[in-house]
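Structure record follows, encoded as structure tokens.
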Amino acid sequence: ISEVTQKLKEIQQSVIAARAAGVMPLGLMGTVADYQDAAEVRLAAETAERFGMEGATCIHPSVVPVLNKAFSPSEAEVSAARRMVEAYDEAAATGRGSIEVDGRMVDIPVIERAQRLLARAALIAEHEARG
């Protein structure tokens, strides 16, 4: 296994372990030593989000908006999660354990991710409403 592949496996294992322990996985994929390079910080955050991280610590206030945007679910993601949860709740009431929503198979692990996304979106909206 290459060094890069090994590092990616370790990151994924860390995310899985954090979730299993009920801990929010935090981190960035790459260096942000040059925190003034917003594009580089955004790339590191977006990559981390795709690997399952839910946020990251900040080394400078200027990166806060970049990280908030990268780790916040998009309107399309929130809408899709709502459709999945609503359809799954209806199906579960009739005894079904999996369904198809928007051409995707939806079962308990998918619903749990959708519920976490909706909870995170609700907390972000609440925080933004407070100003």
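Within the set of other residues whose C-beta is less than 13 Å from the C-beta of Ile99, count the net charge using Lys and Arg as +1 and Asp and Glu as -1.
Numbers: positive: Arg83, Arg96, Arg104; negative: Glu86, Asp89, Glu90, Glu100, Asp102, Asp107.
Charge balance in the 13 Å sphere: -3.
Explain nothing, just the number: dipole magnitude of the chain about its Cα centre with +1 on each Lys and Arg Cβ and -1 on each Asp and Glu Cβ, in debye rounded to the nearest 20.
200 debye
What are the ³J(HN,Hα) couplings of the range 87-103, residue after residue, when phi is run through the Karplus curve with 6.51, -1.76, 1.60 and θ = phi - 60°? Round to Hz, x for glycine and proline.
Using θ = phi - 60°, the values come out as 5, 5, 4, 5, 5, 4, 5, 9, x, 7, x, 8, 9, 10, 9, 6, x Hz.
With everything on Cα atoms, drop me the angle between helix 38-50 and the longest principal axis of the chain, reported from 0 to 90° to the nearest 10.
40 degrees
Could you give the length gained by full extension between Met105 and Ala129, i.e. 0.36 nm per residue of separation minus their alpha carbon distance, to one decimal place?
Numbers: separation 24, 0.36 × 24 = 8.64 nm, distance 3.43 nm.
So the chain would gain 5.2 nm between Met105 and Ala129.
Counting only other residues whose beta carbon sits under 13 Å from that of Ala38, what net charge do I get with K and R as +1, D and E as -1? Could the numbers behind the result be given before it?
Working: positive: Arg42, Lys69; negative: Asp34, Asp37, Glu40, Glu46.
Summing Lys/Arg as +1 and Asp/Glu as -1 gives -2.
Residue-wise, which Karplus ³J(HN,Hα) couplings in Hz belong to the range 68-81, taking 6.51 cos²θ - 1.76 cosθ + 1.60, θ = phi - 60°, and x for glycine or proline?
Whole-Hz 3J(HN,Hα) from phi for the range 68-81: 4, 5, 5, 9, 8, x, 6, 4, 5, 5, 5, 4, 5, 4.
Can you list residues from other chains, or at least 5 along the same chain, whose modelled amide H is less than 5 Å from the amide H of Val106?
When sequence neighbours closer than 5 places are left aside, the close amide H contacts are Ile99, Glu100, Val101.
Less than 15 Å Cβ to Cβ from Glu54, Lys/Arg counted +1 and Asp/Glu -1: what total charge do the surrounding residues give? Provide the component values of the computation, followed by the final result.
Details: positive: Arg19, Arg50, Lys69, Arg113, Arg116, Arg120; negative: Glu46, Glu49, Glu77, Glu112.
With Lys, Arg at +1 and Asp, Glu at -1, the net is +2.
What is the Cα centroid distance between the range 88-119 and the range 19-72, reported in whole angstrom?
Taking the Cα centre of each part, the range 88-119 and the range 19-72 sit 28 Å apart.
Angle, helix 108-130 long axis vs. longest principal axis of the chain, Cα atoms, 0 to 90°, nearest 10?
So the inclination is approximately 60 degrees.
7 Å from Cα along Cα→Cβ at both Ser98 and Thr31: what's the point-to-point distance in nm?
Label at Ser98, label at Thr31, 4.4 nm between them.
Pairs of Cα atoms under 8 Å, at least six residues apart: use those to get the relative contact order of the range 75-131, whole percent. Display every interim value, and only then the final one.
On the way: 38 pairs, mean separation 20.2, N = 57.
Reported relative contact order: 36 percent.
Normalised by the number of residues in the range 23-131, what is the relative contact order in percent for Cα pairs under 8 Å and 6+ residues apart? It would help to have the intermediate numbers written out before the result.
Details: 109 pairs, mean separation 22.4, N = 109.
This gives 21 percent for the range 23-131.
Here, each number is a calculation from the coordinates, and none is a lab measurement. Quantities reported herein were computed from a predicted structural model and do not represent experimental measurements. When we count neighbours, we look across all protein chains shown, and the Cβ atoms used for this are built from the backbone with ideal geometry, even at glycine.
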